[in-house]
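Working notes for the structure below.
The values are calculated or read from the model by the stated rules, or taken from the named source; none is laboratory data. Since the structure is predicted, the reported quantities are computational estimates derived from the model, not experimental observations. Cβ placement follows ideal geometry from the backbone for every residue including glycine, while neighbour counts extend to all protein chains displayed. Side chains included, ligands, DNA and RNA excluded: accessible areas come from the protein's heavy atoms. Shrake-Rupley method; radii C 1.70, N 1.55, O 1.52, S 1.80 Å.
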Amino acid sequence: MGDIKTVGVLGAGTMGNGIAHVFARGGFDVRLCEVEQRFLDRGLEAIKKNLEREAAKGKLTTDEAVASLGRIQGTLNRASLAACDFVIEAATEKFEIKSKLFAELDSILPKHVILASNTSSISITRLAAQTKRPEQVIGMHFFNPVPVMKLVEVIRGMQTSQATYDAVKELSEKLDKTPVEVNDAPGFVSNRVLMPLLNEAMFAVMEGVATPESIDEVFQLGMAHPMGPLTLADFIGLDVCLDIMRVLHDGLGDPKYRPCPLLVRMVDAGWLGRKSGRGFYQYA
Ligand code: CAA
């Protein structure tokens with residue numbers, strides 16, 4: 001699989017820009033690819049701000065922050081990812097979108113290149129099947145905020161080879177992250193366990209058991225969670241939470257994964273959490 005020096009990141013949203021940030025900070029050259037200039041500009045601006053924040057906190061020097069930013073090249077041209085040694089996709093969490101991207105990337109990238117997905121719940125096995133390199137497809141699931149959270153959930157699809165797994169494990173360690181190996185199943189481990197907690201907290205709000213503030217306080221003070229479940233749901237994005245609950249519900253077929261009707265209504269209303277200014281809380 002060769003030495004990985006240049007990394008392609010597809011998508012400059014919250015996860016994509018965080019992933020580009022940690023690869024650049026880890027010394028890799030990064031091609032950050034988006035579909036529109038305004039999304040690319042927004043992503044690059046977020047990376048600049050977060051690198052400056054890290055420099056201000058003394059986590060890296062100003063020179064290192066500037067050099068990291070300099071290693072990121074924005075592009076709107078997916079074909080330019082052909083120059084990459086490794087590509088990670090962090091596009092919208094919809095199978096139809098990701099499957100098309102995987103088929104396209106497979107036709108663009110040299111044969112030896114590993115193709116990873118940052119999907120939070122979609123089957124790696126199904127994504128791998130869209131390509132002619134299924135043994136080189138793998139899940140590399142980062143956590144928000146990516147520059148801060150230590151975990152990378154590394155998901156083996158049914159076809160993923162040991163060499164691919166070993167390369168991604170090593171890559172995660174080079175980023176100063178801790179890889180944890182899991183097998184492919186709806187929601188993997190992280191979201192299979194986390195999302196039902198968030199969904200249940202939403203049922204508790206809907207049924208008037210307690211306010212979002214009280215529920216969050218229970219988890220912050222009683223279980224030492226850094227954020228209560230409703231603050232966390234707003235932070236992740238309620239649309240993302242709903243998509244993941246639907247993957248769990250469809251994939252596992254158990255009614256215990258039924259998305260909370262309040263969550264569905266809030267997403268229908270465009271109340272998507274922090275990013276839209278309103279979710280379980282209001283944001284300035
Ligand atoms: N980039 C760089 N640094 C950042 C950052 C970013 N985007 N966001 C926060 N930080 C740094 C801050 O500068 C601060 O640094 P110091 O410790 O040096 O002061 C540190 O992180 C803590 O941040 P804050 O002081 O601003 O705030 P906080 O103490 O409340 O922590 C938090 C914020 C790290 C987000 C914390 O609340 C937390 O850990 N929350 C839970 C997050 C979580 O569960 N994430 C996973 C979500 S699930 C997911 O991502 C995957 C999925 O599939 C849905």
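When the alpha carbon coordinates of the range 1-77 are projected onto the principal axes, the ranges are 34, 34, 18 Å, largest first. Full extension of the chain between Ile108 and Ala224 yields a length gain of 37.1 nm, computed as 0.36 nm times the residue separation minus the alpha carbon distance. Here the range 151-203 has an Rg and Dmax of 13.6, 43 Å, counting Cα atoms alone. The simple spin-label model puts a point 7 Å past each Cα toward its Cβ; for Ala284 and Val209 those points are separated by 3.3 nm. Extents of the chain, largest first, come to 56, 45, 33 Å (Cα atoms, principal axes, whole angstrom). Rg and Dmax of the range 1-138, based on Cα coordinates, read 14.8, 45 Å. Under 17 Å of direct C-alpha separation, and excluding same-chain neighbours fewer than eight residues apart, Lys150 reaches these aspartates and glutamates: Glu54, Glu170, Glu173, Asp176, Glu181. Between Ala12, Ala210, Ala46, find the one with the highest GNM mean-square fluctuation for the chain; connect C-alpha pairs within less than 10 Å. In the Gaussian network model the winner is Ala210. If you sort Tyr165, Tyr281 by accessible surface, 1.4 Å probe, largest first, the order is Tyr281, Tyr165. Taking the longest Cα principal axis of the chain as reference, the axis of helix 212-222 is set at about 70 degrees.
Across the chain, the mean sequence separation of Cα contacts (distance under 8 Å, 6 or more residues apart), normalised by length, yields a relative contact order of 13 percent.
Under a Gaussian network description of the chain, with springs only between Cα atoms under 10 Å, the residue in Ala129, Ala20, Ala55 that fluctuates furthest is Ala55. Full extension of the segment from Ala82 to Lys100, taken as 0.36 nm per residue of separation minus the current Cα-Cα distance, would add 4.8 nm. Springs between alpha-carbon pairs under 10 angstrom, Gaussian network model over the chain: which of Gly222, Gly273, Gly11 fluctuates most? Maximum fluctuation in the GNM of the chain, among the listed residues, is at Gly222.
Which loop-located trypsin sites (Lys or Arg not before Pro) does the range 1-105 contain, where loop means any DSSP state but H, G, I, E or B and the Cβ has at most 15 other Cβ atoms within 10 Å? Sites meeting the loop and neighbour criteria: Lys5, Lys57, Lys59, Lys94. With K and R counted +1 and D and E -1, the other residues having a Cβ less than 13 Å from that of Trp271 yield a net charge of +1. Structural descriptor for the range 102-249: relative contact order 19 percent, calculated from alpha carbon pairs under 8 angstrom and at least 6 residues apart. As a length-normalised measure over Cα pairs under 8 Å and 6 or more apart, the relative contact order of the range 1-113 settles at 36 percent. When the accessible area of the chain is computed with all protein chains present and a 1.4 Å probe, what percentage of it is carbon and sulfur? Carbon and sulfur together cover 54 percent of it.
Indicate, rounded to the nearest 5 percent, the antiparallel portion of the DSSP beta bridges found entirely in the chain. Beta bridges within the chain, antiparallel portion: roughly 20 percent. If you average 1/r over all unlike Cα pairs in the range 191-275 and invert the result, what Kirkwood radius do you get in angstrom? Taking the inverse mean of 1/r over all distinct Cα pairs, the range 191-275 comes out at 12.8 Å. Computed from the C-alpha gyration tensor, the three semi-axes of the ellipsoid equivalent to the range 132-284 are 31, 18, 14 Å, from longest to shortest. Pairs spanning more than 31 Å between alpha-carbon atoms, out of Lys48/Lys132; Lys5/Lys59; Lys5/Lys275; Lys57/Lys174: Lys48/Lys132; Lys5/Lys275.
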